[in-house]
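Everything below concerns the one structure shown next.
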Amino acid sequence: MVAATGIDYEALRLPATPRPDSEARRHPVVIVGAGPIGLATAIDLAQNGLDVVLIEEDDHLSTGSRAICFAKRTLEIFDRLGCGEPMVRQGVGWSKGRVFHRDGQLYDFDLLPEAGHRRPAFINLQQYYVEGYLFERAKALPRLDMRWRHRVAGVKVDADGVKLDIETPDGGYALKARYLVAADGSRSFVRKAMGLESHGQTFRDRFLIADVRMEADFPAERWFWFDPPFHPGQSALLHRQSDNVWRIDFQLGWDADPQVERQPERVLPRVRALLGKQAKFELVWASVYTFSCLRMESFRHGPVFFVGDSAHGVSPFGARGANSGVQDAENLAWKLRLALSGLAPEALLDSYGGERELAADENIKHSTRSTDFITPKSEVSRQFRDATLELARDCGFARGLVNSGRLSKPSVYAGSPLNTPDEDAFAGAMTPGAPSADAPIRRDGGEAWLLSVSGDDFALLAFSPSQQEIAALRAFSGGDIPLSVVLVAPPGAPDIAGFVRIADGGLAAERFDATPGTVYLLRPDQHIAARWRRFDAAKVAAALRRACGHAEGTRC
Amino acid sequence: MLKLDPNLTQADDFYEALIEAHRGLSAAQSGRLNAKLILLLANQIGDFDTLRAALAKAGEGIEPAGEDATLEIVD
């Protein structure tokens, strides 16, 4: 369907980019794969002044039914990349869901029960729209060189980075890069060409994914059924997407024949059983999937970084695939930026692997647990699953055990070497390594959001500092590391020249457990690096060095 | 801390009630009852370390003879 830009991104065909005449230059960063993760990485680098080459072997964006659930944190990242708003307008926002067992509802849930957030818990939006809006943003960045129908045919790590053999419709050429980002998906050519593997497990179950277009009055909620009357003995999942398209997952069991089950004469009766005999709908897409959880042992190999599906894969229950990939992109981009400017050591680049490998483990753990509950792995596993569902009807504790998907949340990099451990007492969720919470604020007399003021660099949030602390903040400098200081004060406090100043009605201070004088250091990816009850220039400078990967006690 | 010394207020009564609860049940029905019972008791105990110690104690002396049928390794 046509997007707000007037373009049908699913049908869009991009002309092959001509083969460059000469490629003597060694590019700072080459990215392979113009999916959502490659595009996000490229935009993040290019909007911060880096020259980026993005290579894509196809002549089109995503087609068919792929990722649909984009989480709040992902939308906040897309906001920072300058393309969140059109996605949220196009998508179907949702925060609530229901879980059913047989003919009754077990419980409902709300993933974002409080107000004061710019973005909902999730939007559902077909992947081609997400890629389309990322593509529009990418096109607007002059430093981003997108090359369509350029295929990587060889990868060689050399002393100064990576040398790629590229094939195009008008012949081949060599492309050199200081750093290579492999965003080329679960069957990554770069991974295979380097002799690397992604290991894990495949679940012995098959699922039918059917997208249907219809006018229906189901609410925009995630509905999950265990053993429903319309699909006995199996599970089903319903999501509303943009353009009145509904995604339905039907569990089929391991013995189902994938070729047979995706035929319309098999799919339509299943859909009709769910929607009722009278329902009028059109089948847009049907396919049969098997799910795997797997990951590479290491996401960094010298100058090559693996992001998204090339590095890790999860089952879809929990929406942890594309969402975790976008977090990979954001985690890597600022580190590449600082390393290429000579402001950070190799250790900062290593921390991409350290932080995102643990995040992948967390995502794999959650998605494996969900899949184990939905597809019990043995007779006794099924017995406990069924007992849990039976008890969940009238026992609250059992509802907490029912697992139809633990939905994507950003990882907290709790043990990261980039964090400075707390020395002051704080309550709440904003621990070192956690992604910063959002909150409504006012800036320059207008309504705004906390996450929109921190920008693409390090940020120091200073809550209601005293006159003395303001003087000390004014004298503070992060050295060569770009850093913005943001004063967070109650409404009506006087303006202070030379600072970004925002007015907080109280929610920001509450979410950060801030008292007058509290200071937070945010990394460029908006994760918290350090926090104190009082501003101390030497401590902030040390934390900043540490967050850039310098060993403790060394100078930038 | 997992208690291994006597802690039941009415040990013989409990044992009799446990067996009685399964009277007339098929093996599958007994399995269903046991599963629900374990979940209820686990919630009553609450503490994960105690539950993990109980799982370890219960598994003592049992050599795994089956294998996981659901998972396979992929490359």
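Grab the other residues whose beta carbon is less than 13 angstrom from that of A:VAL88, score K and R as +1, D and E as -1, and report the net.
Details: positive: A:LYS72, A:ARG89, A:ARG118, A:ARG119; negative: A:GLU76, A:ASP79, A:GLU85.
After counting each charged neighbour, the total is +1.
What length, rounded to one decimal in nm, is gained on full extension from A:ARG143 through to A:ASP51, with 0.36 nm per residue of separation minus their alpha-carbon distance?
32.6 nm
Roughly how many whole Å is it from the C-alpha centroid of the range A:490-527 to that of the range A:107-141?
So the two Cα centres are separated by 26 Å.
Check A:ILE441: other-chain or 5+ apart residues with amide H under 5 Å from its amide H, H built from backbone geometry?
Those lying under 5 Å, H to H, from A:ILE441 are A:ALA448, A:TRP449, A:LEU450.
Enumerate the calculated ³J(HN,Hα) couplings along the range A:293-300 in order (Karplus 6.51 cos²θ - 1.76 cosθ + 1.60, θ = phi - 60°), each rounded to whole Hz, writing x wherever the residue is Gly or Pro.
Ordered by residue, 3J(HN,Hα) equals 10, 7, 7, 6, 5, 9, 8, 10 Hz.
Taking other Cβ within 10 Å of each residue's Cβ, how do A:VAL267, A:VAL540 sort, fewest first?
Neighbour counts put them in this order, fewest first: A:VAL267, A:VAL540.
Which three semi-axes in whole Å describe the equivalent ellipsoid of the range A:187-244, each the square root of 5 times a Cα gyration tensor eigenvalue, listed largest first?
So the three semi-axes of the range A:187-244 are 34, 19, 9 Å.
Relative to 2.2 N^0.38 Å, what does the C-alpha radius of gyration of the range A:144-190 come to as a ratio? Two decimals please.
Relative to the rule-of-thumb radius for its length, the range A:144-190 sits at 1.15.
Say the dipole of the protein assembly as shown comes from +1 at the beta carbon of Lys and Arg and -1 at that of Asp and Glu; which of A:ALA530, B:ALA28, A:HIS231 then lies farthest toward its positive end?
A:ALA530
Most exposed first by the Cβ proxy, i.e. fewest other Cβ within 10 Å, how do A:TRP254, A:TRP225, A:TRP246, A:TRP449 rank?
Values: A:TRP254 12, A:TRP225 25, A:TRP246 22, A:TRP449 19.
Fewest to most other Cβ atoms nearby, the residues stand as A:TRP254, A:TRP449, A:TRP246, A:TRP225.
Given +1 on the Cβ of Lys and Arg, -1 on the Cβ of Asp and Glu, and no further charges, what dipole in debye does the range A:207-292 carry about its Cα centre, rounded to the nearest 20?
For the range A:207-292, the charge dipole is close to 140 debye.
Rounded to the nearest 10 degrees, what's the angle between the helix A:264-275 long axis and the longest principal axis of chain A, both from Cα atoms, 0 to 90?
Computed tilt is about 80 degrees.
Let me spell out the model: positive unit charges on the Cβ of Lys and Arg, negative unit charges on the Cβ of Asp and Glu, origin at the Cα centre of the range A:75-187. What dipole size does that give, in debye rounded to 20?
Value, rounded to 20: 180 debye.
Read phi for every residue in the range A:390-400 and hand back ³J(HN,Hα) as whole Hz from Karplus 6.51 cos²θ - 1.76 cosθ + 1.60, θ = phi - 60°, with x for Gly and Pro.
For the range A:390-400, the Karplus curve yields 5, 5, 5, 4, 10, 10, x, 4, 6, 4, x Hz.
Pairing the Cα long axis of helix A:322-340 with the longest principal axis of chain A, what angle in degrees results, from 0 to 90 and rounded to the nearest 10?
20 degrees
About the Cα centre, and with charges only on the beta carbon of Lys, Arg (+1) and Asp, Glu (-1), how big is the dipole of chain A? Nearest 20 debye, please.
180 debye
Would you calculate, for the protein assembly as shown, the mean residue ellipticity at 222 nm contributed by helices, counting each DSSP H stretch of 4 or more residues as -39,500 (n - 2.57) and dividing by all residues, to the nearest 500?
Counting only the DSSP helices, I get -9500 deg cm²/dmol.
To the nearest whole percent, what portion of all C-alpha pairs in the range A:136-249 is separated by more than 23 angstrom? All intermediate terms of the calculation are to be shown ahead of the outcome.
Details: 3815 of 6441 pairs.
So the portion of pairs separated by more than 23 Å is 59 percent.
Determine ³J(HN,Hα), in whole Hz, for all residues of the range A:195-209 in sequence, where each value follows from phi through the Karplus function 6.51 cos²θ - 1.76 cosθ + 1.60 and θ = phi - 60°; x replaces Gly and Pro.
x, 9, 9, 10, 10, x, 9, 10, 8, 7, 7, 10, 10, 8, 9
Please identify every one of the trypsin sites (Lys or Arg not before Pro) in the range A:255-334 that sits in a loop by DSSP and has no more than 16 other beta carbons within 10 Å of its own beta carbon.
For trypsin sites (Lys or Arg not before Pro) across the range A:255-334 that sit outside H, G, I, E and B with at most 16 neighbouring Cβ atoms in 10 Å, the list reads A:LYS277, A:LYS280.
Could you work out how far apart the two model spin labels at A:ASP350 and A:ALA174 are, taking each label as a point 7 Å from the Cα in the direction of the beta carbon, and quote it in nm?
3.1 nm
Can you put A:HIS60, A:HIS150 in order of Cβ neighbours within 10 angstrom, beginning with the fewest? Each step should come with its number before you reach the end.
Numbers: A:HIS60 17, A:HIS150 26.
Going from sparsest to densest Cβ surroundings: A:HIS60, A:HIS150.
So who's got an amide H within less than 5 Å of the one on A:ILE31, skipping anything under 5 residues away but keeping other chains? H placed 1.01 Å off N, in plane.
Amide H neighbours of A:ILE31, under 5 Å, 5+ apart: A:VAL53, A:LEU54, A:ILE55, A:VAL181.
Bin width 20 Å, origin at 0, all Cα-Cα pairs of the protein assembly as shown: what percent of pairs per bin?
Result, from short to long distances: 17, 47, 31, 5, 0 percent.
For q values of 0.14, 0.18, 0.20 Å⁻¹, compute log₁₀ I(q)/I(0) with the Debye formula on a Cα-only model of the range A:279-426, without solvent.
Values, matching the q order: -0.83, -1.06, -1.17.
Among A:ALA543, A:VAL288, A:VAL304, whose Cα projects farthest towards the positive end of the dipole of chain A, with charges put on the beta-carbon of Lys, Arg (+1) and Asp, Glu (-1)?
A:VAL288
Hey, could you get me the Stokes-Einstein D for the range A:207-292, Kirkwood radius over alpha-carbon pairs, 37 °C and 0.692 mPa s, rounded to whole µm² s⁻¹?
D = 251 µm²/s.
Using 0.36 nm per residue, how much length does the chain from A:ASP243 to A:SER298 gain when fully extended, once their Cα-Cα distance is taken away?
15.8 nm
Can you give me the long-range amide H partners of A:ARG19? Hydrogens built in the peptide plane at 1.01 Å from N, cutoff under 5 Å, separation of 5 or more residues or another chain.
Close amide H contacts, sequence-distant or interchain: A:ASP170.
Looking only at Cα atoms, what is the convex hull volume of the range A:440-556 per residue, in Å³?
Spread over its residues, the Cα hull of the range A:440-556 gives 97 Å³ apiece.
In whole Å, what are the Cα extents of the range B:1-57 along the three principal axes, biggest one first?
36, 24, 18
Could you run the Debye sum over the Cα atoms of the range A:411-451, one equal point scatterer each and no solvent, and tell me log10 of I(q)/I(0) at q = 0.16 Å⁻¹, two decimals?
Computed log10 I(q)/I(0) values: -0.56.
Bear in mind that the values in this text are calculations on the coordinates, not laboratory data. On a predicted model such as this, the values are computed, not experimentally measured, just so you know. Cβ coordinates were reconstructed from backbone atoms using ideal geometry, including for glycine residues, and neighbour counts include every protein chain displayed.
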